[in-house]
Amino acid sequence: MMQYNDSGLNDGQPYNYEVYTKVTATDSTSGIIEVAWTAGGSPIPAGPANLAAVGDTAQAVLTWDDPTTQSDGTPLDDLAQIYIYRDGARIDSVDPGVQTYSDVPPPGFIYHYTVTAVDNETPPNESESS
């Protein structure tokens, strides 16, 4: 057998395989090679891209592009939310496709904003910050 196709796998589920060869005439086997693989590619979404912020003394307006792939480049088919963070604390979330957020932070400070992508798995997988 040169190839094996395992079907009925659950997306995002890690699977472990052991591969070896066997010579039937002598009943001898090779060493075992262990292989790990996650069905459907990485379960972690890629982060939102092109995060930009514009603001004045009253508000900050963030824009970004929703991710379309997982962190390994495989297609993302279960994007559930975009989380918005101010200075490392999550302040809100928006649905996919919104791609903009207006924040009215307390005045007199400089703020650092990041956004992450979250899928609909249980528990959810969250991307790296953008």
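Values quoted throughout were computed directly from the atomic coordinates according to the rules given, and no laboratory measurement underlies them. What you see is a predicted model, and the numbers here were worked out from it, not measured in a lab. Note that we place each Cβ from the backbone using ideal geometry, even for glycine, and neighbour counts take in every protein chain shown.
Observations on the model:
- Positions within segment 88-97 being more than 17 Å from the chain's Cα centre (by Cα) and over 17 Å from Val61 (Cβ atoms), in sequence order: Gly88, Ala89, Arg90
- When residues of segment 98-130 are limited to those that are of a type in the set (A, V, I, L, M), closer than 14 Å to Leu62 by Cα and out of contact with any Phe, Trp or Tyr (no Cβ under 6 Å at 6 or more places or on another chain), the one surrounded by the fewest Cβ atoms within 10 Å (Cβ to Cβ): Val104
- Total residues in segment 98-127, condition in a loop (DSSP other than H, G, I, E, B), farther than 12 Å from Leu79 by Cα, out of contact with any Pro (no Cβ under 9 Å at 6 or more places or on another chain) and of a type outside the set (S, T, N, Q): 10
- Annotation note: Cβ proximity below 8 Å between a residue of segment 1-30 that is farther than 24 Å from Gln70 by Cβ and a residue that is part of a loop (DSSP other than H, G, I, E, B) and of a type in the set (Val, Ile, Thr) (sequence gap 6+ or interchain) occurs for Glu18/Ile32; Val19/Ile32; Tyr20/Ile32; Thr29/Thr21; Ser30/Thr21.
- Qualifying residue in segment 61-84 (condition: touching a Gly at 6+ places or on another chain (Cβ under 7 Å), among the charged types (D, E, K, R) and within 30 Å of Met2 (Cβ to Cβ)): yes
- Within segment 117-130, residues that are within 13 Å of Thr69 (Cβ to Cβ) reach partners that are in a loop (DSSP other than H, G, I, E, B) and of a type in the set (S, T, N, Q) with beta carbons closer than 6 Å, at six or more positions or on different chains, in the pairs Ala117/Ser127; Asp119/Asn125.
- Residues of segment 93-130 satisfying the condition of being hydrophobic (A, V, I, L, M, F, W, C) and within 14 Å of Gly47 (Cβ to Cβ): Val115, Ala117, Val118
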